[in-house]
Amino acid sequence: MQHLPDALVSIRDFAPPRTRATNRVRDAYLRLRKKLHIEGNQGDSALVPEDLERIRDPILGPETFERLESHVFDLLDKTFAAWIDEEETPHRFCACLHQESAPDDLFARWAAARGHDILADGKPDGRRRFAVLPSLDPLCARDPEGLKRLRQFCDKIEGQKTKLLFCGSAVQWGFLRRVSPLGLQVTDVRVIPPFDGRALADLLGIENASRQFRSRSSGADILKIKGNELEDDYLIDLAAGVRGCPWAALQMVNRSVSSQQDADDAGATWLARYDWPGLPPQHARVSRFLLHAVLIHGELAPQDLGSALPIPVPPGLVRALAGLGYLQLAEDGAVRIVPCMAAHIRRVLSEAGFPLGEV
Amino acid sequence: MEGRAEQIKTLLNDFGTWSVLQAAGIGLLFFLIYKAVQFVLPRLAELLPAKLRIMVLNAVPLSRLVLMIAALTLIVPLLFNITVENFVLVLSALGVALGFALKDFATSAFAGLVAVFEKPYRSGDWVRIGPDYGEVIELGSRALKLRTADDDVITIPHSRIWSENIINANNGENTLMCVAEFLIDPARPATGITGLLTDVALTSPYLDWDRPVAVVMNNETQGTRVRLRAYPFEIRDQFAFISDLTERGRDAMIAAGVRIVSLPDFSGGKG
């Protein structure tokens with residue numbers, strides 16, 4: 001576990017891992033081929049979300065995720081413990097952000113595990129000395145009424161003595177910073193650090209120390225080290241593909257197990273490169289607006305779709321995006337982003353010029 | 001007369017059909033390459049990330065210039081015997097030809113050359129030339145083509161840059177300022193309107209977060225004109241953005257009790 005990041009990073013220093021230069025060219029070329037509807041990714045798996053449902057036995061179980069979570073909790077303690085204990089501090093408001101692909105309840109579980117007060121409904125409570133706002137969802141409503149509530153919240157916390165730790169996604173923070181005085185009130189903004197290929201290799205080894213992982217495209221052992229670097233590009237590309245979010249990376253590994261039974265020669269587990277789905281071709285523009293709105297709101301109820309989007313949503317689009325693996329639908333029809341798709345969604349939106357904040 | 005005939009003899013190379021064919025072949029080849037570039041690059045630009053689109057579009061006129069120079073460099077030595085005297089002779093002959101027969105074309109072509117370097121407009125820019133406003137979709141050697149919001153294509157000779165102001169709304173960037181205008185009753189207090197309209201802009205899905213939002217008011221004869229200024233993140237959403245700001249801005253003001261001034265129709269119903 002020696003390659004896991006050892007501290008949260010400041011928002012200004014956040015730099016997602018990148019693939020090797022030659023692979024960036026290759027990826028751009030493959031994306032272009034895909035946009036031109038020329039079949040690409042020869043040699044790679046053509047896994048699509050429907051196929052993923054058939055993968056019953058993930059190779060990475062709860063232990064890996066627990067160890068990862070425990071490591072991240074330690075980083076949070078290390079960064080904020082002293083600040084939380086300080087009686088007098090000029091920094092009353094701090095923020096800790098995660099990428100959209102991290103678990104929604106990550107900070108709530110950390111706060112609960114450490115016994116901190118939680119403002120689950122986003123309503124400030126001046127009686128507490130310190131509290132954690134575990135999600136920015138209650139503050140993020142992109143409509144004038146939502147802005148009014150947000151400003152009232154900002155005024156209220158300014159007049160109270162409670163120290164607050166704002167936690168949530170980086171895109172939501174980018175929105176809040178733009179539309180409210182929170183960017184001025186919060187003095188220190190940290191981000192869960194990106195995990196590079198070596199860190200992912202450490203995580204893979206937690207439950208699978210004796211197992212060999214091979215890349216289906218290169219045939220090489222993806223954990224093999226040459227010099228001080230990973231010899232194969234698989235994990236480097238994966239880290240770049242999920243922008244260093246370890247939860248998304250682990251889920252993508254589970255999803256990328258390719259024909260495990262057939263190709264399982266010499267006890268190796270074969271991993272394919274995940275084939276990110278495209279947007280519905282005739283509705284790409286409205287799909288992007290929809291995904292952007294969901295990223296900002298966190299969760300979007302069906303009745304809010306109309307006001308959150310500038311153009312009418314064609315009937316069936318939400319289900320189509322859910323079928324492609326972008327969105328998950330709650331029983332009441334509310335939509336959320338499928339966490340491990342968030343990095344891909346960011347890439348799609350960023351290419352189209354959508355504003356996504358600093359991280 | 002003999003001296004002039006001698007000059008012309010030395011001007012032209014001793015070329016036969018083969019040289020002419022070679023020159024024609026080179027000309028054709030470069031023309032085809034340019035046509036391919038002109039076909040491929042705009043389509044490629046549509047597939048690339050938004051920030052690369054305008055850069056790739058701008059490669060079209062530049063590639064035309066480069067290809068033209070390369071073609072001339074190859075063709076001229078095949079047909080002409082290049083010396084200083086011949087060069088002057090060719091220039092003067094060209095000058096006469098251009099002066100009389102192709103004056104307007106030459107003016108536009110030269111203006112087009114200047115436009116490549118001076119950049120009053122580039123491919124992908126939104127410009128106003130005279131009464132016409134639209135996106136520059138093609139920069140030819142003689143003229144540029146604008147596509148208006150109504151999807152009309154207007155061809156405008158480059159020579160207009162000599163005589164007219166060119167208003168470039170985005171100047172090579174991927175955004176431009178959009179303005180939604182409202183005319184409100186000047187007899188009522190305007191307090192709170194700035195905040196109201198700023199919120200309308202801040203909650204627009206088209207908004208570029210990194211650019212400022214401003215509300216500007218001034219009094220006019222008919223009422224107080226309120227302008228809400230903001231930038232969309234995608235230049236081609238400008239009209240949708242203005243519609244969004246206008247629609248929600250108007251509704252928000254009406255809901256807040258602000259009276260929007262409507263002027264009587266003086267057109268007699270003909271407009």
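The values are calculated or read from the model by the stated rules, or taken from the named source; none is laboratory data. Since we're looking at a predicted model, the values are computed, not measured. Cβ placement follows ideal geometry from the backbone for every residue including glycine, while neighbour counts extend to all protein chains displayed.
A single entry from A:Ser70, A:Ser101, A:Ser135 fulfils the requirement of being without any contact (Cβ under 8 Å) to a residue 24 or more places away in the chain and either crowded, with 18+ Cβ neighbours inside 10 Å or of a type in the set (Ser, Thr, Tyr) (or both): A:Ser70. Here A:Leu165 fulfils each of the conditions (1) in the same structural domain as A:Pro124 (by TED's automatic domain parsing); (2) surrounded by fewer than 22 Cβ atoms within 10 Å (Cβ to Cβ) apart from (2).
Out of region A:333-359, which residues are over 29 Å from B:Val200 (Cβ atoms) and away from chain B (no Cβ under 14 Å)? Within region A:333-359, A:Val338, A:Pro339, A:Cys340, A:Met341, A:Ala343, A:His344 qualify. Of the listed requirements (1) more than 12 Å from every other protein chain (Cβ to nearest Cβ); (2) in contact with a Lys or Arg (Cβ under 7 Å, 6 or more places away or on another chain); (3) modelled with pLDDT of 95 or more, B:Tyr231 misses just one: (1).
Only residues that are among the hydrophobic types (A, V, I, L, M, F, W, C) and farther than 11 Å from B:Gly124 by Cα: list them for region B:30-49, please.
Our first condition is that a residue be among the hydrophobic types (A, V, I, L, M, F, W, C); within region B:30-49, this holds for B:30-33, B:36-37, B:39-41, B:44-45, B:47-48.
Across region B:30-49, the qualifying residues are B:Phe30, B:Phe31, B:Leu32, B:Ile33, B:Ala36, B:Val37, B:Phe39, B:Val40, B:Leu41, B:Leu44, B:Leu47, B:Leu48.
Could you check, for region B:191-209, whether at least one of its residues is within 35 Å of the chain's Cα centre (by Cα) and either basic (Lys, Arg) or more than 14 Å from chain A (Cβ to nearest Cβ) (or both)? There is no residue in region B:191-209 that is within 35 Å of the chain's Cα centre (by Cα) and either basic (Lys, Arg) or more than 14 Å from chain A (Cβ to nearest Cβ) (or both). Of all the numbered requirements in (1) surrounded by 12 or more Cβ atoms within 10 Å (Cβ to Cβ); (2) farther than 22 Å from B:Arg160 by Cα; (3) out of contact with any strand residue (DSSP E or B) (no Cβ under 9 Å at 6 or more places or on another chain), B:Val114 misses one, and that requirement is (2).
Considering only helices (runs of 4 or more DSSP H) fully contained in region A:144-240, which possess at least 2 residues that are in contact with a strand residue (DSSP E or B) (Cβ under 9 Å, 6 or more places away or on another chain) and over 30 Å from A:Ala82 (Cα atoms)?
Details: elements: A:144-159, A:170-179, A:182-185, A:197-207.
Fully inside region A:144-240 and qualifying: A:197-207.
Considering B:Val213, B:Val136, B:Val127, which residue is under 29 Å from B:Val261 (Cα atoms), in contact with a strand residue (DSSP E or B) (Cβ under 7 Å, 6 or more places away or on another chain) and surrounded by 15 or more Cβ atoms within 10 Å (Cβ to Cβ)? Show your work before the answer.
On the way: B:Val136 fails: under 29 Å from B:Val261 (Cα atoms); B:Val127 fails: under 29 Å from B:Val261 (Cα atoms).
The match here is B:Val213.
Is it fair to say B:Leu57 is farther than 30 Å from B:Phe233 by Cβ and more than 14 Å from every other protein chain (Cβ to nearest Cβ)? Answer is no for this residue. On the stretch given as region B:107-145, residues that are touching a residue at least 60 places away in the same chain (Cβ under 8 Å), in a loop (DSSP other than H, G, I, E, B) and closer than 21 Å to B:Phe239 by Cα total 4.
Of all the residues that make up region A:12-27, how many are within 14 Å of chain B (Cβ to nearest Cβ) and more than 13 Å from A:Asp237 (Cβ to Cβ)?
Initial filter on region A:12-27 (within 14 Å of chain B (Cβ to nearest Cβ)): A:24-25, A:27.
Then keep just the ones that are more than 13 Å from A:Asp237 (Cβ to Cβ); that gives none.
Of the residues in region A:12-27, 0 are within 14 Å of chain B (Cβ to nearest Cβ) and more than 13 Å from A:Asp237 (Cβ to Cβ).
Among the residues making up region B:216-236, those that are among the aliphatic types (A, V, I, L, M) and either surrounded by 14 or more Cβ atoms within 10 Å (Cβ to Cβ) or in the same structural domain as B:Arg53 (by TED's automatic domain parsing) (or both) are B:Met217, B:Val226, B:Leu228, B:Ala230, B:Ile235. Summed over region B:237-251, residues that are at the interface with chain A (Cβ under 10 Å from one of its Cβ atoms) and either buried (at least 17 other Cβ atoms within 10 Å of the Cβ) or over 22 Å from B:Leu183 (Cβ atoms) (or both) total 5.
Residues of region A:124-143 that are of a type outside the set (Gly, Ala, Ser) and either part of a helix (DSSP H, G or I) or within 30 Å of B:Ile193 (Cβ to Cβ) (or both): A:Pro124, A:Leu136, A:Asp137, A:Pro138, A:Leu139, A:Cys140, A:Arg142, A:Asp143. Residues in region B:189-211 that are closer than 18 Å to B:Leu176 by Cβ, assigned to a loop (DSSP other than H, G, I, E, B) and either basic (Lys, Arg) or touching a helix residue (DSSP H, G or I) at 6+ places or on another chain (Cβ under 7 Å) (or both): B:Ser204, B:Pro205, B:Tyr206, B:Trp209, B:Arg211. Answer with yes or no whether B:Glu220 is of a type outside the set (Val, Ile, Thr) and either within 20 Å of the chain's Cα centre (by Cα) or within 14 Å of chain A (Cβ to nearest Cβ) (or both). Considered against the rule, which asks whether it is of a type outside the set (Val, Ile, Thr) and either within 20 Å of the chain's Cα centre (by Cα) or within 14 Å of chain A (Cβ to nearest Cβ) (or both), B:Glu220 comes out as no.
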